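The values are calculated or read from the model by the stated rules, or taken from the named source; none is laboratory data. Being a predicted model, the structure only gives us computed values, none of them experimental. Glycine also receives a Cβ, built like all others from the backbone with ideal geometry; neighbour counts cover every protein chain displayed. These area figures cover heavy atoms from the full protein model, side chains too; ligands, DNA and RNA do not enter into them. Shrake-Rupley method; radii C 1.70, N 1.55, O 1.52, S 1.80 Å.
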Amino acid sequence: MNLCYSQTSGPEVALQSRHVTVIGTAFDTVLPDDIELCLKDGICIDRRNNTPMEMDAYSIYLALKAIELSTGSSLEARKKLLADAVVKRMNQCGGFWRHGAWTGSELEVHMRFTAAAIRLLVEAIQDNLIAEPSIVIDALKRHLSFAEKLENGLWFLHDSLESKDVNVSHPGRLTHNYAFGSSDRNCLVLNTHLDTLLTIMHVMRRIDLTAGDQDYFRSALSAGVDALRTVLRPNTGFAWSTFEKLDSLVRSVLFRSFEIRNFRSFRSKAIRYGITKFYFPMRRHVRSWMPGFLFTDGYTERDIRLDGISFEYHVANLYDLTRFALEARTSRLVADEELLNYCDEIVHAGINYVVLTNYWHCLVAGFAWNGKAIVLCEAIVAWLSSHNRSVPAAWVKAYCAVRRVIPPSPALLGYDPNSVGERPAHGAYSPAIDVMELRDGRQLVVDIANETFTFNTM
């Protein structure tokens with residue numbers, strides 16, 4: 001595949017290095033200095049295991065654009081380096097990316113990575129670094145082929161190992177279930193399904209499509225939304241209610257054991273070991289019998305078949321639910337306002353669960369070894385982009401607590417094509433202040449030290 005690239009507009013201006021938390025690995029990355037660390041042999045990699053991965057590259061690309069917008073400088077050569085790397089790997093793999101992070105197999109593809117690659121290419125097209133939109137259209141069609149029909153609608157897979165056409169064993173311990181009419185290979189990973197729906201709308205909103213391609217993607221989107229609507233239905237009945245009350249109590253005890261002052265005590269370690277070793281295997285089978293993603297205390301589940309102990313995915317769900325709803329409203333491609341309002345309610349309750357319950361201890365404990373808590377800040381900002389309402393004081397306090405420890409992500413630096421706009425004031429960047437233009441046109445100024453959110457009309 002031959003692609004035409006524009007020439008850079010001029011020499012890059014020397015910039016003061018900025019620490020950025022990359023959405024993906026959540027590594028603290030110094031930009032623009034550390035870009036080469038995310039590349040190996042000219043392709044984008046996951047720095048944790050040196051396997052191909054495009055998710056970090058997309059986040060870095062957005063951060064570079066935020067830096068450009070706030071400084072008035074050009075980082076075109078750095079962005080082109082990332083776009084070239086994504087296209088190079090795509091060509092190496094015969095037109096669609098492969099990863100092999102879990103199994104080493106050439107058949108292993110991760111759809112969160114490919115969705116990020118597609119959105120990076122959209123950015124590169126918008127920036128005139130790639131001249132052929134067809135590369136995005138063809139890649140998205142390949143991405144959407146990793147899907148499965150449910151009783152209602154179409155579910156987009158988390159990875160190729162869930163496909164019945166890929167004869168590679170999943171490395172995880174999986175329960176058997178056929179929830180919502182799925183096959184036994186399908187883990188029904190909620191956040192990846194949401195990310196694919198977002199990517200469809202993103203491409204339809206920003207890329208010129210033929211009438212045929214519009215119909216193709218609109219049909220896929222509609223079927224995917226049908227599946228989403230089905231799996232988000234609340235569970236009812238005495239059995240679920242009983243389990244839910246028990247589960248809320250056990251999670252509360254578990255998350256309390258992450259409290260920093262007692263984290264390393266024998267009692268806390270024993271609680272974490274006992275609950276994850278004995279309760280969660282039983283919990284996984286119960287959830288296979290009564291599949292559902294939502295709990296009335298505000299907690300959300302990532303999937304149906306896996307072990308359920310990757311607790312950070314509660315925040316990832318909120319991030320993807322609010323981005324899905326925001327993109328749906330921006331693109332006007334999902335007309336079901338009742339569903340979008342319901343997503344908003346889930347996110348609102350879910351953020352409250354993070355900041356008002358013992359889950360907060362679990363989130364804070366993660367500060368010591370990763371920056372994944374920054375996704376909470378992104379979710380709050382995305383939610384505010386479509387809700388002109390007062391911000392709960394606990395949300396402001398939590399946002400600022402995270403930011404005092406973790407560097408900003410691209411949206412918090414001032415650019416994200418889904419959640420924040422493109423007009424940060426030049427010179428507005430400060431490690432102690434986040435300045436963002438929300439999608440509804442307001443400017444949000446966060447004073448991290450004084451824990452205040454200020455909204456200005458632009």
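For the chain, with all protein chains in place and a probe radius of 1.4 Å, 52% of the accessible heavy-atom surface sits on carbon or sulfur. Distance between the modelled labels on K149 and N91, one decimal in nanometres: 3.9 nm (7 Å Cα→Cβ projection).
Full extension of the chain between Y178 and D33 yields a length gain of 47.4 nm, computed as 0.36 nm times the residue separation minus the alpha carbon distance. Each principal axis of the Cα atoms in segment 282-396 has its own extent, and those three values, largest first, are 41, 34, 22 angstrom. Between T452 and S169, the FRET efficiency from the beta-carbon distance, with R0 = 45 Å, is close to 0.30.
Please list 167-176, 220-229 highest first by mean number of surrounding beta-carbon atoms within 10 Å per residue.
Details: 167-176: 13.3, 220-229: 20.2.
In descending order of packing, they fall as 220-229, 167-176.
The structure shown yields P(r) over Cα pairs in 20 Å bins from 0, in percent, and of the options [x] 25, 60, 15, 0; [y] 20, 43, 27, 9, 2, 0; [z] 21, 53, 24, 1 that calculated value carries the label [x]. Computed from backbone phi with θ = phi - 60° and the Karplus coefficients 6.51, -1.76 and 1.60, the 3J(HN,Hα) list for segment 75-80 is 10, 4, 5, 5, 5, 5 Hz; x is used for glycine and proline. Work out the charge dipole of the chain with +1 on the Cβ of Lys and Arg and -1 on the Cβ of Asp and Glu about the Cα centre, then indicate which of A335, S409, T452 is farthest towards its positive end. Checking the options against the dipole of the chain, the answer is T452.
Residues of segment 22-55 falling in the label zone of Q16, defined by backbone nitrogen less than 17 Å from a point 7 Å along Cα to beta-carbon, are 30-33.
Mind running the shape call on segment 352-429? Use the C-alpha gyration tensor, a ≥ b ≥ c as the square roots of the eigenvalues: rounded below 1.5 for a/c, prolate if a/b tops b/c, oblate otherwise. Could the numbers behind the result be given before it?
Details: a/c = 2.21, a/b = 1.40, b/c = 1.58.
Verdict is oblate for segment 352-429.
Going highest first, how would you order 440-450, 60-70 by mean Cβ packing within 10 Å?
Working: 440-450: 15.8, 60-70: 25.0.
Ranking, from highest mean packing down: 60-70, 440-450.
Contact order for the chain, expressed relative to its length and based on alpha carbon pairs under 8 Å spaced 6+ residues apart, stands at 16 percent.
Shown in residue order for segment 126-137 are the 3J(HN,Hα) couplings computed by the Karplus curve 6.51 cos²θ - 1.76 cosθ + 1.60 at θ = phi - 60°: 4, 8, 6, 8, 10, 9, 10, x, 4, 4, 6, 4 Hz (x for Gly and Pro). Placing R0 at 60 angstrom, the Cβ-Cβ distance between K397 and D215 gives a FRET efficiency of 0.80 after rounding to 0.05. By the gyration tensor of its Cα atoms, with a ≥ b ≥ c the square roots of the eigenvalues, what is the shape of segment 252-303: rounded for a/c under 1.5, prolate for a/b over b/c, or oblate? Here segment 252-303 falls in the oblate category.
Taking amide H as placed 1.01 Å from N in the peptide plane, the amide H of V189 sits under 5 Å from that of H158, each at least 5 places away or on another chain. Model label points for R389 and I260, set 7 angstrom from Cα along the Cα-to-Cβ axis, are 3.0 nm apart. The trypsin sites (Lys or Arg not before Pro) of segment 230-329 that DSSP puts in a loop, and whose beta carbon has at most 10 other beta carbons within 10 Å, are R264.
Taking θ as phi - 60° and the Karplus parameters 6.51, -1.76 and 1.60, the scalar couplings of segment 451-457 work out to 6, 10, 10, 10, 10, 10, 7 Hz in sequence order, x denoting glycine and proline. Taking a point 7 Å out from the Cα of R205 in the direction of its Cβ, the residues of segment 105-122 whose backbone N falls within less than 20 Å of it are 112-122. Around the amide H of S74, modelled in the peptide plane, lie the amide H atoms of V13, all under 5 Å away and 5 or more residues distant in sequence or on another chain. Pairs exceeding 30 Å between alpha-carbon atoms, taken from K40/K149; K79/K372; K80/K397; K80/K372: K40/K149; K80/K397. For T29, the amide hydrogen comes within under 5 Å of the amide hydrogens of V20, T21, V22, counting only partners 5 or more places away or on other chains and with H modelled in the peptide plane. With only the Cα atoms considered, segment 154-215 has a convex hull volume of 117 Å³ per residue.
Under 1.5 on a/c is rounded, so check that first for segment 304-458, then, if it is not, pick prolate when a/b is larger than b/c and oblate when it is not; a ≥ b ≥ c are the square roots of the alpha carbon gyration tensor eigenvalues. Spell out each step's value before the answer.
Numbers: a/c = 1.71, a/b = 1.06, b/c = 1.61.
Oblate, because a/c is 1.5 or more while a/b does not exceed b/c.
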